[in-house]
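K.L.:
Got a structure for you, written out below as structure tokens; questions coming shortly.
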Amino acid sequence: MEVKASLKHLRMSAQKVRLVIDVVRKMPAVAALDQLKFVNKKACLPVSKLIRSAIANAVNTYELDKNNLFIKEIRADEGVTLKRWMPRAHGRASAIRKRGCHINVTLGEIKESGKKEKKVVKAAEPVKLEKLAKEGEKAAKMTAKPEKAGAKQSVAPEKAKIFRRKAG
């Protein structure tokens, strides 16, 4: 069973991210998170969040054990490069390239569990407004206090005013 997660448009160069992901490639997922805590690079935070997301996908969607997962594949591809300009001497301008990247991670199982299907989530049936209105009327009739025998009974129940402003 393979579980995938991806991070798109990270504003950090792919070269800097590759330094971090090379440390955790082919490691067990839980051990990789422990290793990332001690690497002194800014790319550690988004990479560890991505690995946690992939683990959560595996546990919640396929009901896999997080201790049975390892990083099968992880790669950092180049993303969009923002082009900016910096003023230089003698009225010139030099280019600044602000690079981005996309990170993809695939988790595999150390020992196959045999689970291949997603967990089925049952959706609740939609609420119909007519049904709610009828239930509200029934509840109002049940909670209404019976009037005295000598008092006048109204023919139609009074409806609450929605708009309280005067016309004109």
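Readers should treat all values here as calculations from the given coordinates under stated rules, not as data from a laboratory. A quick note: this is a predicted structure, and the numbers were derived from the prediction, not measured. Quick reminder, even Gly has a Cβ in these numbers, built from the backbone with ideal geometry, and neighbours come from all protein chains shown.
K.L.:
Which value in Å is the Kirkwood Rh of segment 2-109 over different Cα pairs?
P.N.:
14.9
K.L.:
Near the amide H of K72, under 5 Å away, which other amide H atoms are found, from residues 5 or more places off or on another chain, if H is placed in the peptide plane?
P.N.:
Under 5 Å from the amide H of K72: T106, L107, G108.
K.L.:
Place a point 7 Å from the Cα of I96 along the Cα-to-Cβ direction; which residues of segment 61-86 have their backbone N under 19 Å from it?
P.N.:
It comes to 80-86, nothing else.
K.L.:
Using a cut-off of 14 Å between beta-carbons, work out the net charge of the residues near E73 (Lys and Arg +1, Asp and Glu -1, E73 not included).
P.N.:
+2
K.L.:
Arranged by the count of other C-beta atoms within 10 angstrom, fewest first, what order do I74, I21 take?
P.N.:
The order, fewest Cβ neighbours first, is I21, I74.
K.L.:
Still on this structure, please answer the following. Please return the longest range in the chain lying between exposed loop sites, taking chymotrypsin sites (Phe, Trp or Tyr not before Pro), DSSP loop only, at most 15 other beta-carbon atoms within 10 Å, and leaving the sites out.
P.N.:
39-162
K.L.:
Over its Cα atoms, what ratio of radius of gyration to 2.2 N^0.38 Å does segment 72-143 give?
P.N.:
The reported ratio for this selection is 2.67.
K.L.:
A further question follows. Given R₀ = 35 Å, FRET efficiency for K41-V120 by Cβ-Cβ distance, to 0.05?
P.N.:
Efficiency, rounded to the nearest 0.05: 0.30.
K.L.:
Past the 31 Å Cα-Cα mark, which pairs from K16/K122; K41/K72; K42/K119; K26/K122?
P.N.:
K16/K122; K42/K119; K26/K122
K.L.:
Take the chain, mark every one of the GluC sites (Glu not before Pro) that falls in a DSSP loop and has at most 15 other Cβ within 10 Å, then report the longest stretch left between them, sites excluded.
P.N.:
Within the chain, the longest run free of exposed GluC sites (Glu not before Pro) spans 1-62.
K.L.:
Tell me the net charge near E135. Cut-off is 13 Å between Cβ atoms, E135 excluded, with +1 for each Lys or Arg and -1 for each Asp or Glu.
P.N.:
Net charge around E135: +3.
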